[in-house]
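Participant: Mind having a look at this structure? Questions to follow.
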Amino acid sequence: MMTTIQAIILGMVQGLTEFLPVSSSGHLVLANYHFGFNFGNGDSLPLYVDLATNTGTFFAALLALRTDVWQALSGFLKGLTSASARQEDGWRMAILVIIGSIPTLLMALLLRPVFEHLNKPLFVSFTLIITGIIMWFTYKSGPKNNVAKLTWKDALIGGVAQGIAIVPGISRSGSTIATMLWRGASAEVAAKFSFLMYLVASFGAAVLSILELRQEQIALVPIVAMVVSSFVVGYVAIVWLFAILRRGQFKWFAPYLWIVAGITLIRLLVF
């Protein structure tokens, strides 16, 4: 049975790592392993933990990006009936997010049954090393400093990058932002596009979490603790990430990922 303290710790891990380019799914697996929680099947976390903590970070992103979310939603609704509204940034961002979400959805449906069984510390250690390599070679920023300069191809490729992050240990925010920077987006535009796509994907996961909790018969207090702690820490993390991107310090997450992966591999293979 999960205690409230354990739930808070897992929520904090999710909140801190969902938006930073270090893989929240991977860190939840490693937290479960290194702290000795041993929830789920063997050393693999049950799906309800990922879904409950994801609900908290969903609301954190919604709060942090409330202006951009409102602009995209209102722009999309206006654009349905007004040709002039379809020339504005809100409409364009909404359409690009929809385009990017299509490959993410298809990849999630096809790949999740395969990779959800690989939520293991050994597999995650190797994928964290890969994430670190991606971070090390990430561009600082590009010339596309507003949404009008993004193309449907940029959005589609960004959506594929987000879909690849279904693999445990591959950072969703890291791979998506890195890909958008590679496509020439500025750091701020890349981050906003990435997190708006995350909101779309996360909404679906939040709906699934309701079904999952019904099936699992989990105590309410730990669930609430995970949601609240991931929300609070997630909001701080997303604000921090924008500051990191402005300073071009994305690559310095790579050594951290390699150290975490190395410590885990040593523990798994030696002890």
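Listed here are the residues, each with its yes/no results for (1) modelled with pLDDT of 95 or more; (2) crowded, with 22+ Cβ neighbours inside 10 Å; (3) farther than 17 Å from Ile177 by Cα; (4) aromatic (Phe, Trp, Tyr).
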| site | (1), (2), (3), (4) |
| --- | --- |
| Val227 | no, yes, yes, no |
| Val232 | yes, no, yes, no |
| Arg247 | no, no, no, no |
| Ala261 | yes, yes, yes, no |
| Ile266 | yes, no, yes, no |
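Participant: Moving to a separate point now. With (1) surrounded by fewer than 19 Cβ atoms within 10 Å (Cβ to Cβ); (2) within 18 Å of Phe195 (Cα to Cα); (3) without any contact (Cβ under 8 Å) to a residue 24 or more places away in the chain as the list, and Thr81 as the residue in question, which single condition is left unmet?
Facilitator: Answer for Thr81: the failing condition is (2).
Participant: Any idea which of (1) of a type in the set (Gly, Ala, Ser); (2) surrounded by 17 or more Cβ atoms within 10 Å (Cβ to Cβ); (3) not in a helix (DSSP H, G or I) is the one Gly75 doesn't satisfy?
Facilitator: Unmet condition: (3).
Participant: Now a separate question. Among Leu245, Leu269, Leu241, which is the only one that is in a helix (DSSP H, G or I), aliphatic (A, V, I, L, M) and farther than 28 Å from Phe123 by Cβ?
Facilitator: Leu245
Participant: Give me a count of the residues in the range 124-150 that are more than 12 Å from Ser175 (Cβ to Cβ), of a type in the set (A, V, I, L, M) and in contact with a Gly (Cβ under 8 Å, 6 or more places away or on another chain).
Facilitator: 2
Participant: Additional query: How many residues does the range 162-179 contain that are in a helix (DSSP H, G or I) and farther than 18 Å from Ala254 by Cα?
Facilitator: Count: 3.
Participant: Right, another one. Just one of the numbered conditions (1) at pLDDT 95 or above; (2) farther than 16 Å from Thr55 by Cβ; (3) among the hydrophobic types (A, V, I, L, M, F, W, C) is not true of Ala187; which one?
Facilitator: Status for Ala187: all satisfied but (1).
Participant: If you go through the range 219-264, how many residues are under 15 Å from Gly132 (Cα atoms) and of a type in the set (A, V, I, L, M)?
Facilitator: 6
Participant: Take the residues of the range 117-145 that are modelled with pLDDT under 90 and loosely packed, with under 15 Cβ neighbours inside 10 Å: which is farthest from Gly100 (Cα to Cα)?
Facilitator: Result: His117.
Participant: A further question on this structure: Only one of these is assigned to a helix (DSSP H, G or I), basic (Lys, Arg), out of contact with any helix residue (DSSP H, G or I) (no Cβ under 7 Å at 6 or more places or on another chain) and in contact (Cβ under 8 Å) with a residue 40 or more places away in the chain: Arg112, Arg92. Name it.
Facilitator: Arg112
The values are calculated or read from the model by the stated rules, or taken from the named source; none is laboratory data. Everything numeric here is computed off the predicted structure, so don't read it as measured data. Methodologically, a virtual Cβ is constructed for each residue, glycine included, from the backbone with ideal geometry; neighbour enumeration extends over all protein chains shown.
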